[in-house]
Amino acid sequence: MADRIYYPNSELAAKAHCGSMAQYKQMHEKSIKEPEKFWGEIAKEFYWETPVLDNKFFSYNFDITKGDIFINWMEGATTNISFNLLDKNVKNGGGDKIAFYWEGNDPDDYSRLTYRKLLEEVCRFANVLKSKGVSKGDRVAIYMPMILELPIAMLACTRIGAVHSIVFAGYSSDSLAERILDSKAKVLITTDGVWRGEKLLHLKSICDDALEKVKKHGHEVQSCIVVAHMRRLSNPQGPANCGAGKTNGVVKNGTQTNSNELNLSWDDDRDCWWHDEMEDAEPSCYPVWMAAEDPLFILYTSGSTGKPKGVLHTTAGYLIYAATTFKYVFDYHPGDVYWCTADIGWITGHTYVVYGPLANGATSVLFEGTPFFPANDRYWSVVDKYKVSQFYTAPTAIRSLMKFGDGLVKKHDLSSLKVLGSVGEPINSEAWLWFYNLVGHGVCSIADTFWQTETGGHVITPLPGATPMKPGSATFPFFGVLPELLDEDGHIVEGEGEGYLVFRQPWPGMMRTLYGNHQRFQTTYFDRFHGYYCTGDGAKRDADGYLWVTGRVDDMLNVSGHLMSTAEVESVLAEHLSVAEAAVVSKPHAVKGQCLYCFITPNEGVTFDKKLQDELKKKVRERIGPFAQPDVIQHAPGLPKTRSGKIMRRILRKIAVGDKNVGDTSTLADEGVVELLFQLRPQV
Ligand code: WTA
C-alpha cells in the first residue's frame, strides 16, 4: 500500500541521534532561527587551527537585485579537512579502526585500510604531489575507479590545499579533456585499467587521448600519475602500491585478470607510476591550514546549455554539513558498517563515500564492482559478507535488481541492515516497497534523500529514527534548509500544492560558485526567482506537509541517476555529417527512470538506416560516455516548430511515448509534421 505511513521501528528510534519528530522539529527550528548557534555547536566537534569568530559566522546574499550572490560560513576560521578526518580520529584512539573495506570487482580481490594507515598513505601521496609542483590552490584531475588510492588521492589534495576535480571514470576522453581544460589541472591521476563486470576499461589510454586533446587547446598537464591496478591484480607479488599495504590486508589474485596484458603507451617526461613515487615518500606531511571559504573541490555537472558546470565547494561549511547529514540521515553509530554503492566520481561518492563517513570515524565498504557480477546477487552477498548496517543505493539499481526475483535476496542473511538509503531520482512506490519489505525485512527505515551536486549534501530527507515515511516522498528538510514551492510568478504556494522547489537561505554545505564563471552561477540558480536558490526540480506538498520531488522542470534528464542535458546530446548528434537537425527528449524507462529518445532530421539525400542509427549511438557513447547512449533514434523529416522556429519538445515527448493526446498544435508552423512523426515511430 503506497499511501500507508510507515513508522520507524521503535528499537531504532530509541537509540537514534534524532529519535522523534518533536526532536526533529525543535532542532530544525533552531537551525533556521539561530544558524550561528546551531552550527556553532556542531563546529566545536572539529579541529580549528584558527577558531571561528562568532560575529562572522554566517553572511550571505541570495537576492541578485541587491548585488552579487555570496555565501560565507565561518569566515576567519582555518582548518584542514584531512586533519579532521584522519589525524583527529587517530589521536582519539581510532587508529586501528577500519576506515574502508575494499571489495574488488572480482570477489576474490579484497583488502582493508585502517585510519592510521590511511593517514600515512595520504601524507605520502601529499608529498608526492608536492614533488610534482602541486601547491595550495592548484587543481588536480582524478580519473580513477573505485580503489583505495582514490580517497587517498583526494585527501592528499586536501592535505596541501590543492583542489581536486574528479571525473567519473566512465566518461569519454572528450569529456575528460573538456573538464581538464576548464579547470586547468596541473596533474592527472589515473590507473592502467579496470574491470567493470566482465568489461576491461583502458583508463590510461583514455587519459592519453584526453591529454593529447588538452594539449591541442594550449594547456599542458605536467604529470600523469598511474596506479598499477591491473598489474597488481594479475601479479600478487607485483607492486603492493595499494593503500592497504601488505600488513593490513590481502589483495588476492583474481582469476579474471590473469590473462590481461595491457599495452600502455608511456610518456617518460609526463607519466610515472604511483608505486614508484610512493616508495621514497615521507609518511608524514604537515597540513596546510585552509581558510573556511578556500576551495575544496570542483565537480562538474551537466548544464542545460550543454557545457558542463564546475560546481565549487569550499572547506569548512562542506565539512560540517557532510559530517552532520551523514550522522543523522544514516544514524551512524560506532560499530556499524556503512556502504554507499555510488561511484566517487559523482557527488554522492564525494560526500557519502569519503567525506561524511570519515568525518564521523565510520567504517565503510568501498566497492569496485557492479551489482551484476559475478552474479545478480552481488549487492546482497556484499551486505552479508561485511554485515552492513546502512546501505545506500539508487532507485535504478533497485529496479534492475527487482527483475531477478526475490530468491536472490532471500538467499543471503541481511539481518544486519538498519537503514536503507535511496538517491538520484524519485523512487517509485513499487521499488520503495520492495526495498522496504524484502531487503529491509520490514524493519529498516528508508531514507529517500533528495539533493544535488550543488547542494553538497542531503537537503530533503527523512531521519531514520524520527520521520514517519511515505513511499516516494523525500519528506522534510534537513537542518538549516528552508524549502518553498513557488508558482510560475514566484508566489509562494502555501499548504497543499505544487511548484518550483527553491530554498530560501543557505546551509553550510551548498556550492559557492561555478568555477571560473560566477555570472553563470548567478543566472543559473538565482535569476529565475529573486531571493531564492532554484533547484530546477518541481515538487508537491501533500496535506500532511510531506514534500514529493517530481523531477526536473528544465531541459535536463536523469538516466539511471545520471543527470544530463538534452542540449548536450543534441550538439553531439548534430555534429554528424549526415544530420541536419537533432532534438532530444526524455522518455520514461522501467529501469533507468528515463532514457534518451532522439529525433533526427537527416541531410538531403541521406538515407536514414540502421547504419546511421548505430553511428549516432556510437558517437554519443564516445563523446559523452556509455551511460548516455540513446535508446531510440527516430527518423524525423521535420520537427514540430513554432513559427519563430522554436522546437516544441512538449509534443516530441508525447510522440516518444505514443500519446496522441498532444494538445494544442495551432502555434506550429506545420501541423502535418506531428502525424508524420507518429507514423514513423519505431516499434520499441
Ligand atoms: C534528482 C545527485 C527525487 C533531482 C545527489 C536533482 C532526486 C538531481 C533525488 C541531482 C530524490 C536526486 N528524489 N529526485 N531522492 N535525488 N534527484 O546533481 O532531479 O547528480 O536535481 O546529484 O537528481 O542530481 P545530481
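Filtering the stretch 391-416 down to residues that are within 16 Å of the ligand (Cβ to nearest atom) and outside any loop (DSSP other than H, G, I, E, B), which residue is farthest from Trp346 (Cα to Cα)? Steps first, please.
Step one: of the stretch 391-416, the residues within 16 Å of the ligand (Cβ to nearest atom) are 391-399.
If we keep only those that are outside any loop (DSSP other than H, G, I, E, B) as well, we get 391-393, 395-399.
Details: Phe391: 17, Tyr392: 14, Thr393: 13, Pro395: 16, Thr396: 15, Ala397: 15, Ile398: 18, Arg399: 20 Å.
My answer is Arg399.
Do you know which residues across the stretch 420-436 are open to solvent by 10 Å² or more (accessible area, probe 1.4 Å) and either modelled with pLDDT under 95 or in contact with a Ser or Thr (Cβ under 8 Å, 6 or more places away or on another chain) (or both)?
Pass one, the stretch 420-436, residues open to solvent by 10 Å² or more (accessible area, probe 1.4 Å): 423-426, 428-430, 433-434, 436.
Of everything in the stretch 420-436, those that are open to solvent by 10 Å² or more (accessible area, probe 1.4 Å) and either modelled with pLDDT under 95 or in contact with a Ser or Thr (Cβ under 8 Å, 6 or more places away or on another chain) (or both) turn out to be Val423, Gly424, Glu425, Pro426, Asn428, Ser429, Glu430.
Residues of the stretch 108-149 being open to solvent by 10 Å² or more (accessible area, probe 1.4 Å) and part of a helix (DSSP H, G or I), which ones?
Arg116, Lys117, Leu119, Glu120, Glu121, Arg124, Asn127, Lys130, Ser131
Suppose we keep only residues that are of a type in the set (Phe, Trp, Tyr) and more than 13 Å from the ligand (Cβ to nearest atom) within the stretch 518-569. Which one would you say is most open to solvent (accessible area, probe 1.4 Å)?
Of the stretch 518-569, the ones of a type in the set (Phe, Trp, Tyr) are 521, 525-526, 529, 532-533, 546, 548.
Remaining after also requiring more than 13 Å from the ligand (Cβ to nearest atom): 521, 526, 529, 532.
Details: Phe521: 0, Phe526: 0, Phe529: 10, Tyr532: 28 Å².
Only one residue tops the list, namely Tyr532.
For the stretch 589-619, name all the residues that are among the small types (Gly, Ala, Ser) and open to solvent by 60 Å² or more (accessible area, probe 1.4 Å).
Going through the stretch 589-619, the residues among the small types (Gly, Ala, Ser) turn out to be 590, 593, 605.
Hits for the stretch 589-619 are Ala590, Gly605.
Just one of (1) assigned to a loop (DSSP other than H, G, I, E, B); (2) open to solvent by 10 Å² or more (accessible area, probe 1.4 Å) trips up Pro471, so point out which.
Unmet condition: (2).
Working only within the stretch 1-57, note down all residues that are charged (D, E, K, R) and either within 30 Å of Pro287 (Cβ to Cβ) or outside any helix (DSSP H, G or I) (or both). Let's see the steps before the verdict.
Looking only at the stretch 1-57, we keep the residues that are charged (D, E, K, R), and these are 3-4, 11, 15, 25, 29-30, 33-34, 36-37, 41, 44-45, 49, 54, 56.
Listed by number, the residues that qualify are Asp3, Arg4, Glu34, Glu36, Lys37, Glu41, Lys44, Glu45, Glu49, Asp54, Lys56.
Filter the stretch 437-447 for residues that are away from the ligand (no atom under 15 Å from the Cβ) and either touching a residue at least 24 places away in the same chain (Cβ under 8 Å) or open to solvent by less than 10 Å² (accessible area, probe 1.4 Å) (or both) and give the result. Explain how you work it out, then say what you get.
Kept after step one, since they are away from the ligand (no atom under 15 Å from the Cβ), are these residues of the stretch 437-447: 437-444.
Selection gives Leu438, Val439, Gly440, His441, Val443, Cys444.
Looking at Lys88, Lys132, which is the one that is of a type outside the set (Ser, Thr, Tyr) and within 24 Å of Lys44 (Cα to Cα)? Working first, answer last.
Details: Lys132 fails: within 24 Å of Lys44 (Cα to Cα).
Of the residues listed, the single one that is of a type outside the set (Ser, Thr, Tyr) and within 24 Å of Lys44 (Cα to Cα) is Lys88.
Looking only at the stretch 448-469, which residues are under 15 Å from Val419 (Cα atoms) and more than 9 Å from the ligand (Cβ to nearest atom)? Spell out the reasoning first.
The first filter runs over the stretch 448-469 and keeps only residues under 15 Å from Val419 (Cα atoms), leaving 448-449, 461-469.
Within the stretch 448-469, Pro462, Leu463, Pro464, Gly465, Ala466, Thr467, Pro468, Met469 meet the criteria.
Quick check on the stretch 577-588: of everything there that is surrounded by fewer than 19 Cβ atoms within 10 Å (Cβ to Cβ) and more than 15 Å from the ligand (Cβ to nearest atom), which residue is modelled with the highest pLDDT?
If we filter the stretch 577-588 for residues that are surrounded by fewer than 19 Cβ atoms within 10 Å (Cβ to Cβ), which is where we start, we get 577-578, 580-581, 588.
This time we only want the ones that are more than 15 Å from the ligand (Cβ to nearest atom), so: 577-578, 580-581.
Details: Leu577: 91, Ser578: 94, Ala580: 87, Glu581: 87.
Result: Ser578.
Report whether or not His219 is touching a Pro at 6+ places or on another chain (Cβ under 6 Å) and modelled with pLDDT of 95 or more. Reasoning before the result, please.
Working: touching a Pro at 6+ places or on another chain (Cβ under 6 Å): no; modelled with pLDDT of 95 or more: yes.
No; evaluated as a whole, the condition is false for this residue.
Having 3 or more residues that are assigned by TED's automatic domain parsing to the domain that holds Val227 is the bar; report the strands (runs of 3 or more DSSP E) wholly within the stretch 257-338 that clear it. Write out each step before concluding.
Working: elements: 271-273, 295-301, 309-314.
It comes to 271-273.
Can you name the condition, by its number, that Val632 falls short on among (1) open to solvent by less than 40 Å² (accessible area, probe 1.4 Å); (2) within 16 Å of the ligand (Cβ to nearest atom)?
Checking Val632 against (1) open to solvent by less than 40 Å² (accessible area, probe 1.4 Å); (2) within 16 Å of the ligand (Cβ to nearest atom), the one that fails is (2).
Among the numbered conditions (1) among the hydroxyl-bearing types (Ser, Thr, Tyr); (2) over 15 Å from Asp336 (Cα atoms); (3) away from the ligand (no atom under 16 Å from the Cβ), tell me where Ser429 comes up short.
Only one criterion in (1) among the hydroxyl-bearing types (Ser, Thr, Tyr); (2) over 15 Å from Asp336 (Cα atoms); (3) away from the ligand (no atom under 16 Å from the Cβ) is unmet by Ser429, namely (3).
Rundown of residues vs (1) more than 14 Å from the ligand (Cβ to nearest atom); (2) touching a residue at least 60 places away in the same chain (Cβ under 8 Å); (3) closer than 23 Å to Tyr47 by Cα, yes/no style:
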site: Thr305; (1), (2), (3): yes, yes, no
site: Gly310; (1), (2), (3): no, yes, no
site: Thr314; (1), (2), (3): yes, yes, yes
site: Leu319; (1), (2), (3): yes, yes, yes
site: Ala322; (1), (2), (3): no, yes, yes
site: Lys327; (1), (2), (3): yes, yes, yes
site: Asp336; (1), (2), (3): yes, yes, no
site: Cys340; (1), (2), (3): no, yes, no
site: Gly345; (1), (2), (3): no, yes, no
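The values are calculated or read from the model by the stated rules, or taken from the named source; none is laboratory data. Bear in mind that the values here come from a model prediction, so they are computed numbers and not experimental data. Glycine gets a Cβ as well: all are built from the backbone with ideal geometry, and neighbour counts include every protein chain shown. Surface areas here come from the heavy atoms of the whole protein model, side chains and all, with no ligands, DNA or RNA. Shrake-Rupley method; radii C 1.70, N 1.55, O 1.52, S 1.80 Å.
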